[in-house]
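Accompanying notes for the structure given below.
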Amino acid sequence: AHFSGALNAATMDLSSNAVIDGTALVTGGATINGSAVFNQDAADVDFRVEGNEAFAFFVHGADSSVQMGGASQQTVGTMAAGRLLLLNDNNSNPELKLFRQDTSIGNGANLGEIVAYSNDTADNDIMPVASISFAADGTFSATNNPSQILFFNTPASSETIRQVGRFDALGNFEISNTGGTIVTATAGTSNFRAGVNAGDAISTGDYNVFVG
């Protein structure tokens with residue numbers, strides 16, 4: 001089916017190819033039994049889905065950025081292709097939620113990841129270069145959900161990502177055995193502080209500091 005003008009229908013059921021060159025308004029349900037391409041000619045037009053807010057899902061045609069949430073279009077920072085804006089304009093906070101629905105989570109099970117990739121390598125393969133991973137730090141049960149946060153990056157002269165640190169379920173921070181250390185930003189100065197409410201000096205007072 002090829003519609004060259006505006007389409008206004010209560011319901012629409014498409015089981016074969018359909019091309020709509022104008023505006024389509026469907027006030028009821030729309031069933032599409034195949035793939036769907038919107039704006040195939042890559043024109044500078046927007047795509048918007050409404051929920052209880054006008055901009056529940058919005059693709060900005062001018063820069064291919066994506067906004068989720070909000071009563072109106074917003075520009076935060078530099079929007080571009082591959083950039084996602086999560087917006088809450090109802091006096092609450094936006095959230096990125098990762099949910100593993102699983103009734104049997106064992107020690108070390110991955111609960112979610114944020115991973116950066118690049119293909120700027122000699123063989124041009126797409127490779128992970130850095131990540132933050134959330135994992136179980138023990139077997140989950142009805143009253144026990146120990147978790148850990150793992151940090152990964154890629155060293156120089158390598159294409160292999162490796163773990164460099166983690167926060168365990170107790171809140172301890174562990175640096176992995178990669179040769180890395182904790183360093184200060186300015187060489188030759190003593191601006192590292194350890195202990196509870198550590199001020200300019202920790203030589204006196206009970207700060208429960210243990211080094212070794």
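If you take all other residues with their beta carbon under 14 Å from the beta carbon of A54, and give Lys and Arg +1 and Asp and Glu -1, the sum is -3.
At an R0 of 25 angstrom, the distance between the Cβ atoms of E113 and A81 translates into a FRET efficiency of 0.65.
Expressed as a whole percent, the accessible surface of region 28-124 that belongs to carbon and sulfur atoms is 47, based on a 1.4 Å probe.
A straight chain from T178 to N145 at 0.36 nm per residue would run longer than the Cα-Cα distance by 9.0 nm. May I ask you to list the residues of region 129-145 whose amide nitrogen lies under 17 Å from a point 7 Å from Cα along the Cα→beta-carbon direction of D102? It comes to 132-145, nothing else.
The residues S104, S176, sorted by heavy-atom accessible surface at 1.4 Å with ligands and nucleic acids left out, run S104, S176 from largest to smallest.
Amide hydrogen proximity for L111: with H placed 1.01 Å from N in the peptide plane, the residues at 5 or more positions away or on another chain lying under 5 Å are F134, A135, A136. For A24, nonlocal amide neighbours, meaning residues 5 or more places apart or on other chains whose placed amide H falls under 5 Å from its own, are L7. For region 128-134, putting each phi into the Karplus relation 6.51 cos²θ - 1.76 cosθ + 1.60 with θ = phi - 60° gives couplings of x, 10, 7, 7, 10, 10, 10 Hz, in residue order, rounded to whole numbers and with x for Gly and Pro. Local charge for P146 was computed over the other residues whose Cβ lies under 10 Å away, with Lys and Arg +1 and Asp and Glu -1, and equals -2. With the simple spin-label model, which puts each label point 7 Å out from Cα in the Cβ direction, the D89 to A169 separation comes to 4.4 nm. Heavy atoms of the protein chains alone define the surface here; on that basis region 94-190 has 71 Å² accessible area per residue at 1.4 Å probe size. For region 37-146, the alpha-carbon coordinates run over 50, 47, 28 Å along the three principal axes, in decreasing order.
Ordered from highest to lowest accessible area with the whole protein assembly present and a 1.4 Å probe, F173, F167, F55 read as F173, F167, F55.
Normalised radius of gyration (Cα atoms, divided by 2.2 N^0.38 Å) for region 84-131: 1.74. For region 75-80, the Karplus equation 6.51 cos²θ - 1.76 cosθ + 1.60, evaluated at θ = phi - 60°, returns couplings of 10, 10, x, 9, 8, 7 Hz by residue, with Gly and Pro reported as x. Taken over region 120-185, the alpha-carbon convex hull comes to 124 cubic angstrom per residue.
The values are calculated or read from the model by the stated rules, or taken from the named source; none is laboratory data. As the structure is a prediction and not an experimental result, all values here were calculated from the model. Cβ: placed from backbone, ideal geometry, glycine included. Neighbour counts: every protein chain shown. Quick note on the areas: whole protein, heavy atoms, side chains included, nothing else; ligands and nucleic acids left out. Shrake-Rupley method; radii C 1.70, N 1.55, O 1.52, S 1.80 Å.
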